[in-house]
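What follows is one structure encoded as structure tokens, with my remarks underneath.
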Amino acid sequence: MKNSELLFYTSPASAWTQALPIGNGTLGAMIYGGVKDETLALNHDELWTGRPKDTSRKGAPKAFEKARKLALKGKFHEAQEIIEKDFESVWSQAYLPLGNLKINFRVRGKIKDYRRSLDLSTAVSAVEFKAGDTVYKREYFASYPEKAICAVFRSSKASDFSFRVDSVLRSDSFIDGDTLFLEGECHGENAVNNNCPNKHYFDEPEMRGIRFLAGFRLITDGDVRREGNIMRVCGATESKIIFTCETSFNGFSKHPYLDGKEYAPAVRKRLAEFVYDDGVRSRAVEDYRGIYSRVSLDLKGKGSSLPTDKRLIEFKKAKNNNGLIELVWNYGRYLAISASRPGSQPMNLQGIWSDRYDAPWNANYTVNINTEMNYWPVLNTNMAELNEPLVRMISELAETGREAAKKQYGAQGWVSHHNVDLWRLATPVSGSATWAFWHGSSGWLCRHLFDQYEYTLDRKFLKETAYPLMKGAAEFYLDIMSEENGEMFLCPGTSPENDFTYEGRDCAVGKYSTMSMSIARELFTNCIKASKILRTDKEFAAKLKETLDKFPSYKTGSEGQLLEFDGDYPETEIHHRHVSHLYALHPANIITPDGTPELADACRKTLERRGDNGTGWSLGWKINFHARLNDGNRALKLIEMQLRPVRSTGVRYGRGGGTYENLFDAHPPFQIDGNFAYVSGITEMLLQSRDGKIYLLPALPDAWKSGSVKGLKAKGNVTVDIEWKNGKIVSYSADNADGYEIIKCR
Ligand code: FUC
């Protein structure tokens with residue numbers, strides 16, 4: 001069996017990172033697959049602490065001005081001190097889990113042939129086993145069209161079970177007719193940070209948070225008994241539980257309590273009207289496959305009859321392990337389709353799946369790489385519509401970001417910093433300037449908008465959505481540029497989340513950072529391109545060009561490496577997980593092996609100095625870097641490192657990245673970005689496109705002798721299929737590629 005579309009296990013999950021995820025963009029569940037005690041850990045992507053508020057810091061523009069003047073004079077430590085003391089604002093809000101559906105099955109007899117699985121070709125998860133002579137089959141799937149998650153239990157003989165729901169949030173569960181409800185409320189303020197551990201919930205209406213109603217409707221051929229908030233079923237051979245949930249979240253700018261959305265009627269109506277006919281499952285599968293089956297990858301993997309956890313452990317030893325590589329690539333696409341759909345929230349640090357109210361880094365949107373990374377594979381694997389939540393978030397962030405530009409800097413345009421939340425936090429959080437003071441995310445996020453245009457050629461989108469947002473982000477950078485000796489740059493500059501040694505101490509703030517300048521360079525260049533395409537804003541484009549011409553050029557250090565800051569300062573942590581100064585190589589296309597070979601070489605040296613090891617997402621980024629440097633063998637080495645089995649779930653910053661038994665990426669802890677960097681990296685090894693050129697197999701490793709990939713997208717809305725044998729392309733097709741130069745790299 002090839003198994004490049006199937007995860008399966010021979011025992012139930014005993015940890016959350018062994019459970020299997022399903023989702024419809026908004027609702028998520030992690031399925032443990034217990035024989036007698038089954039747990040579905042549930043999420044809804046609008047369950048966050050907090051409410052909209054002004055997070056800006058009084059007097060911040062003055063502090064910024066002071067810090068800027070100090071940094072220009074080389075007084076970096078002093079500049080950093082002012083930023084941390086007088087410029088930063090409050091921490092982000094946190095993503096919260098909904099609760100657990102706990103199902104208790106009465107199962108008698110010896111358990112045989114246990115198997116739980118997730119079929120990526122259908123997005124259906126199953127638990128199957130025999131107990132005595134009774135055959136049990138349980139199925140779980142999420143339905144985007146139905147706005148629900150369905151659990152279907154079948155047994156060859158009549159059997160009994162009960163279910164209830166619990167939650168760490170302030171909530172009540174109760175039964176009404178055939179439906180179990182969970183009604184509750186999120187904290188009005190981040191319960192973990194902001195020093196208010198005992199004041200998670202408030203009585204004052206203006207301080208209250210998001211409320212929700214979740215419902216679990218039972219449809220069964222058995223007898224039903226209600227016992228308090230436990231639903232009991234006897235003598236059933238076929239039962240279904242239909243789960244849905246709505247919240248009072250009424251948009252990022254509206255108070256969720258005072259001005260909240262009506263949520264309960266929708267839940268009650270949806271469940272009351274739900275008819276479980278044959279179409280329910282097939283509609284969900286069809287809808288999912290409509291996106292999933294657009295592309296396929298065949299690396300001639302041998303496949304394996306081993307369960308997925310064992311297969312991961314055996315990976316290094318296996319002779320032909322390409323099957324697992326294909327599986328994890330398909331899995332990443334599966335996760336994106338399950339966690340980001342039109343109308344949903346964008347994927348946070350954990351996508352939509354989180355079981356802790358104190359999730360690592362609040363499971364927020366960390367936008368100094370992580371959120372963007374989540375969306376790297378969306379366009380080239382032909383899933384453009386999954387970008388809708390991200391695009392919507394950027395539009396909303398531009399609103400809060402306009403306030404942040406004004407109130408924090410006294411500047412025009414809009415800006416966001418390194419953390420965003422449901423309320424579109426745009427101001428810098430508090431803490432070390434190393435991470436808190438960084439205003440590159442507004443620019444970085446805008447690359448996704450222009451990419452969306454370049455891939456789809458949707459001119460209306462460029463005109464009405466992308467360009468106005470890009471222009472606003474560019475206006476901010478233009479407005480805060482410093483000029484010195486004929487050069488223009490963004491001062492002070494930090495580089496996520498790295499320090500250098502200055503005057504004998506760790507320092508985060510330089511005159512400028514290479515990354516921030518690359519982001520501004522790319523944004524300005526894209527704005528100029530867009531203004532030409534749209535025949536608009538000639539003067540603004542000229543101003544951008546004039547400024548761009550004064551940007552400092554890229555500099556290399558004593559060992560030929562690309563410098564991360566304005567000077568060749570000693571790195572504090574040479575193996576740091578972020579490689580921010582290589583933004584120009586990936587995700588941007590400013591540095592390329594054919595266009596700027598010397599700088600590409602400097603990037604290579606930088607990667608050597610940094611070393612391969614890192615957190616899961618750091619390994620994933622390095623796959624993409626080596627793909628852009630046309631080094632397939634090195635990229636494959638990083639892929640293999642990313643597939644190292646990991647069990648630990650505590651935060652580890654250095655080495656230790658890998659993959660959990662359920663194939664979630666391990667930072668550690670679980671962080672979903674690595675799954676997507678992996679998909680994007682492999683895709684970049686096979687296909688790249690820029691500046692009117694389409695590169696076929698630019699970074700094919702020797703070990704991928706023969707194979708094929710179908711349905712990938714290149715810029716220009718070109719659909720590409722490639723087949724290769726013995727390392728040489730034997731056929732390819734590129735639909736819709738008039739005007740593009742196709743370069744066969746093999
Ligand atoms: C940044 C990274 C960490 C982690 C966190 C969510 O702080 O440096 O490794 O990914 O975001």
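Think of the chain as having a plus end and a minus end, set by charges on the Cβ of Lys, Arg, Asp and Glu; of Ile742, Ile242, Pro645, Pro645 sits farthest toward the positive end of this dipole. For the range 242-366, the calculated P(r) over all alpha carbon pairs, in 5 Å bins from 0 to the bin holding the longest distance, is 2, 8, 11, 12, 16, 16, 13, 9, 5, 4, 2, 0, 0 percent. Here the dipole of the chain is about 1480 debye; that uses its Cα centre as origin and unit charges on the Cβ of Lys and Arg (positive) and Asp and Glu (negative).
Each principal axis of the range 633-693 carries a Cα extent, and these read 45, 22, 21 Å when sorted largest first. Under 23 Å of direct C-alpha separation, and excluding same-chain neighbours fewer than eight residues apart, Lys538 reaches these lysines: Lys460, Lys463, Lys471, Lys529, Lys550. All distinct Cα pairs of the range 698-746 go into the 1/r average, and the inverse of that average, the Kirkwood radius, is 11.4 Å. Site pair Cys745 and Ser395 shows an inter-label distance of 3.5 nm when each label is modelled 7 Å from Cα along Cα→Cβ. Principal axis extents of the C-alpha atoms in the range 283-332 (largest first, rounded to whole Å): 39, 20, 17.
Here the range 605-746 is treated as a sphere whose radius is the Kirkwood value from Cα pairs; by Stokes-Einstein at 10 °C and 1.306 mPa s it diffuses with a coefficient of 101 µm²/s. Beta-bridge orientation, the chain: approximately 95 percent antiparallel, per DSSP, counting only bridges with both partners inside.
Largest accessible area first, the listed residues Thr536, Thr592 line up as Thr536, Thr592 when surface is computed with a 1.4 Å probe on the assembled protein chains. Here the range 161-240 is treated as a sphere whose radius is the Kirkwood value from Cα pairs; by Stokes-Einstein at 4 °C and 1.567 mPa s it diffuses with a coefficient of 89 µm²/s.
Only alpha carbons enter this Debye calculation for the range 35-135, each as an equal point scatterer, and the log10 of I(q)/I(0) it gives at q = 0.23 Å⁻¹ is -1.15. A viscosity of 1.306 mPa s and a temperature of 10 °C, combined with the Kirkwood radius over C-alpha pairs in the Stokes-Einstein formula, give the range 441-552 a diffusion coefficient of 107 µm²/s. Once C-alpha pairs closer than 8 Å and six or more residues apart are averaged by separation and normalised to the residue number of the chain, the relative contact order reads 13 percent. Here the calculated FRET efficiency for Lys310 and Lys53, from their Cβ-Cβ distance with R0 = 51 Å, stands at 0.55, rounded to the nearest 0.05.
To the nearest whole percent, what portion of all C-alpha pairs in the range 328-383 is separated by more than 13 angstrom? Roughly 61 percent, rounded to a whole number.
Suppose every Lys and Arg Cβ carries +1 and every Asp and Glu Cβ carries -1, with no other charges. What dipole size does the range 564-633 come out with about its Cα centre, to the nearest 20 debye? Could you put the intermediate results ahead of the total?
Numbers: 7 positive and 11 negative charges, 59 e Å.
Dipole size: approximately 280 debye.
Rounded to the nearest 20, the size of the Cβ-charge dipole of the range 327-471 about its Cα centre is 300 debye, with Lys and Arg at +1 and Asp and Glu at -1.
Within the accessible area of the range 595-654, what % is carbon and sulfur when the probe is 1.4 Å and the other protein chains stay in place?
Carbon and sulfur together cover 51 percent of it.
Max-minus-min Cα coordinates of the range 124-260 on each principal axis give 57, 32, 28 Å, with the largest extent listed first. Short to long, the 5 Å bins of the Cα pair-distance histogram for the range 229-292 hold 3, 12, 13, 15, 17, 16, 12, 8, 2, 1 percent of all pairs.
Mean residue ellipticity at 222 nm, helices only, the chain: -9000 deg cm²/dmol; runs of at least 4 DSSP H residues each add -39,500 (n - 2.57), and the sum is divided by the number of residues.
Rolling a 1.4 angstrom probe over the range 41-153 with all protein chains present gives an accessible area of which 49% lies on carbon and sulfur atoms.
Projecting the Cα atoms of Leu548, Gly493, Ile149 onto the charge dipole of the chain (Cβ charges, centred on the Cα centre) puts Ile149 farthest toward the positive pole. Averaging Cα coordinates gives a centre for the range 649-670 and one for the range 567-581; these two points are 22 Å apart. A straight chain from Asp278 to Arg106 at 0.36 nm per residue would run longer than the Cα-Cα distance by 59.2 nm. Taking the charge dipole of the chain about its Cα centre, with +1 at Lys and Arg Cβ atoms and -1 at Asp and Glu Cβ atoms, the residue from Leu379, Tyr9, Met685 reaching farthest to the positive side is Tyr9. Using every Cα-Cα pair within the range 566-677, state what percent have a distance larger than 16 Å. Counting pairs separated by more than 16 Å, the tail of P(r) holds 57 percent. Between the alpha-carbon centers of the range 671-730 and the range 509-543, tell me the distance in whole angstrom. One Cα centre to the other: 29 Å. Centre-to-centre separation between the Cα atoms of the range 299-374 and those of the range 433-457: 23 Å.
Using all pairs of distinct alpha-carbon atoms, the Kirkwood hydrodynamic radius of the chain works out to 26.7 angstrom.
When the alpha carbon gyration tensor of the range 369-492 is reduced to an equivalent ellipsoid, the three semi-axes, largest first, read 25, 17, 14 Å. In terms of its alpha-carbon gyration tensor, the range 292-395 comes out oblate; a/c meets the 1.5 threshold, while b/c is at least as large as a/b. Pairwise Cα distances in the range 490-552 exceed 15 Å for 58 percent of all pairs.
Per residue, the convex hull spanned by the Cα atoms of the range 514-593 amounts to 103 cubic angstrom.
Would you please classify the overall shape of the range 371-433 from the alpha carbon gyration tensor, given that a ≥ b ≥ c denote the square roots of the eigenvalues, rounded means a/c under 1.5, and beyond that prolate means a/b larger than b/c while oblate covers the rest? Judged from the Cα gyration tensor, the range 371-433 comes out prolate (a/c at least 1.5, a/b above b/c).
The values are calculated or read from the model by the stated rules, or taken from the named source; none is laboratory data. Predicted model only: the values in this text are computed from it and were never measured. As a convention, Cβ positions derive from the backbone with ideal geometry for all residues, glycine included, and neighbour counts pool all protein chains shown. To get the accessible areas, we keep the full protein, side chains included, count just its heavy atoms, and leave off ligands, DNA and RNA. Shrake-Rupley method; radii C 1.70, N 1.55, O 1.52, S 1.80 Å.
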